[in-house]
Amino acid sequence: RDTDRLITKANTDDLTGLANRRGLSEAMEEYVAEYEKRGVDFAIVVVDANNLNDFNESYGHDFGDKYLIMIAQDLLKIAGNSAVVSRLGGDCFIIVRQIPRDDTPSMVSETILSMLDHIRLKQREIRMIDNHSFRIDVAVGWAAYSEFEDIEKTKNMADERMYSEKNI
């Protein structure tokens, strides 16, 4: 039991309870193995909070921590049970979600775009933390593993797409 607890702690972000880098890496290895064995594709979605530094400077790091926890909870709800949601540190989150094998390319895009739309809709809601109202502001990018059949290239493409949205 202690070993299981230590493994869980080693794979979990202390602040948000999401998977950390190690947990994400292990999950992606499993997704790649599933892709190679059964052809089950998956998407990598990169989510970056745009205004964390402003909040930290204006309201303090406790506020920023609560802001990150709020984003983490939103992403968990939106991503669903068939996904791994992780925080890489700072204000960067990654969602890895399997795509049903029977989905056509247009269905894959529709599924992922629907998830991205839900993330963006959540941004429009006015939120409150410690009597401060604000909106969550994130940039999002994604790529399917089947585009490259290489984890690093897929993550890099998702990252590039996120940055291009961030710079619009």
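The values are calculated or read from the model by the stated rules, or taken from the named source; none is laboratory data. Keep in mind it's a predicted model, so treat the numbers as computed, not measured. Quick reminder, even Gly has a Cβ in these numbers, built from the backbone with ideal geometry, and neighbours come from all protein chains shown. Side chains are part of the model used for accessible areas, which takes the heavy atoms of the whole protein and leaves out ligands, DNA and RNA. Shrake-Rupley method; radii C 1.70, N 1.55, O 1.52, S 1.80 Å.
What the table below lists for this structure:
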item: Tilt relative to the chain, helix 61-79 - C-alpha long axis, 0 to 90 degrees, to 10; result: 30
item: Arg21 accessible area, assembled protein chains, probe 1.4 Å, Å²; result: 150
item: Nearest-ten-degree value, helix 21-38 long axis tilted from longest Cα axis of the chain; result: 30
item: Chain lengthening between Glu29 and Thr3 when straightened (0.36 nm per residue, less Cα-Cα); result: 7.2 nm
item: Stretch in the chain that is longest and holds no GluC sites (Glu not before Pro) that DSSP places in a loop and that have at most 13 other beta carbons within 10 Å; result: 1-124
item: Where segment 1-141 is the region considered: accessible area per residue in Å², 1.4 Å probe; result: 56
item: Computed Rg/Rh of the chain, alpha carbon atoms with Kirkwood Rh; result: 0.98
item: Residue with peak Gaussian network fluctuation, the chain [Cα springs, cutoff 10 Å], from Met128, Met70, Met115; result: Met128
item: The chain - percent of accessible surface contributed by carbon and sulfur, probe 1.4 Å; result: 46
